[in-house]
1. Using a 10 angstrom cutoff on alpha carbons, build the Gaussian network for the chain and name the most mobile of Ala245, Ala19, Ala122.
2. Pulled fully out, how much extra length does the chain show between Ala157 and Leu38, if you take 0.36 nm times their separation in residues and subtract their Cα-Cα distance?
3. How much net charge surrounds Thr118 when only the other residues with a Cβ under 12 Å from the Cβ of Thr118 are counted, with Lys and Arg +1 and Asp and Glu -1?
4. If I take every Cα pair under 8 Å that is 6 or more residues apart in the chain, average their sequence separation and divide by the length, what percent do I get for the relative contact order?
5. At what distance in nm do the modelled label points of Phe223 and Phe207 sit from each other, each positioned 7 Å from its Cα along Cα→Cβ?
6. Please compute the net charge surrounding Ala58, taking Lys and Arg as +1 and Asp and Glu as -1 over other residues with Cβ under 12 Å from its Cβ.
7. Per-residue HN-Hα couplings for the stretch 251-268, Karplus 6.51 cos²θ - 1.76 cosθ + 1.60 at θ = phi - 60°, whole Hz, x for Gly and Pro?
8. Taking the alpha carbon gyration tensor of the stretch 124-244, what are the square roots of 5 times its eigenvalues, largest first, to the nearest whole Å?
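A short reminder: the numbers here are calculations on the coordinates, not readings from a lab. What you are looking at is a predicted structure, and each value in this text was computed from that prediction instead of being measured. Positions of Cβ are backbone-derived with ideal geometry, glycine not excepted, and every protein chain shown enters the neighbour counts.
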Amino acid sequence: MQNTLEGVAPLTTFGLIRAQGPDAAKFLHGQFTNDFSLLGLSEARLAGFCNAKGRLQASFVGFKRSPTDILLLCSADLLAATLKRLSMFVMRAQVKLSDATADFSVYGLAGAAALEATKSRAIDASHAWAKADFDDQHLITLYPADGTPRALLIAPAPTPAPAGQPLSAQLWAWGEVRSGIATVSQPIFEALVPQMLNYESVGGVNFKKGCYPGQEVVARSQFRGTLKRRAYLAHAEVALQAGEALFAPDDASQPCGLVVQAAAAPTGGFDAIVSMQISAFEAGGVRAQSAQGAVLALSPAPYPLLADI
């Protein structure tokens, strides 16, 4: 595996849900943690879909192709269940939901490929969630990975890959981890509230938008000081997988957190986004898989957390 996060990667671990109709934005606004009613055509939104207890069932990068046509990029392993649950709430809303995965190609751009694409479309690669449309394609800027610019390109299938050297899916997955922006997948289904992934600090939660499933729990966690877990970066010399439990060295009975997302590091070992008790992070010595497992090297998320809203 090359060591440089550079090039273009076809992304097949994501799926796309499409919402079409005059009520598309209003409907999604009432379901997700972020504001879709005021979503502009030159931006994208990170958003979560929670159960009544505020636990994340899915996450999305959502954007408008037009005022009545919205695409939601999510983990492919949750798409079918998410689409089914969303469809239960449509009722009389004028919106049609569908699986649009086969209708589009999704590419990840990193390094010079991302810089060139964003520069040619006059958007700032350093500003996450900006969007530009061209030739029925959509370019979205992402959070960087260790300072390396990244972007998504969503285009009608079968649009050829954009210019740039090939980038492996494994290395793109590692860049996703190093960005600190987690995607909810099946192994962490209903395990975490949005703030346990730092979503409120990276544009994934709007506390002024009104009700959605789990909204009261999410708001209470933010404003009453009940949140005791956060997302961090971790490295281990053993393989890590999403959903695996983490343990403090002095407590083998109760996990202190879990692996959210993991990928092989190009220089050896595994890097991961982990969600864990703040106290366990501060104490250190957290271990993977068991209280006798490999010690994790932990570091804060690579972006500032909001002190207040």
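1. Ala122
2. Working it through step by step, the gained length comes to 40.0 nm.
3. +2
4. Dividing the mean separation by the residue count of the chain yields 19 percent.
5. 0.8 nm
6. Local net charge: +1.
7. After applying 6.51 cos²θ - 1.76 cosθ + 1.60, I find 9, 8, 8, 10, x, 9, x, 8, 7, 8, 7, 9, 7, 5, 7, x, 9, x Hz.
8. 29, 21, 14
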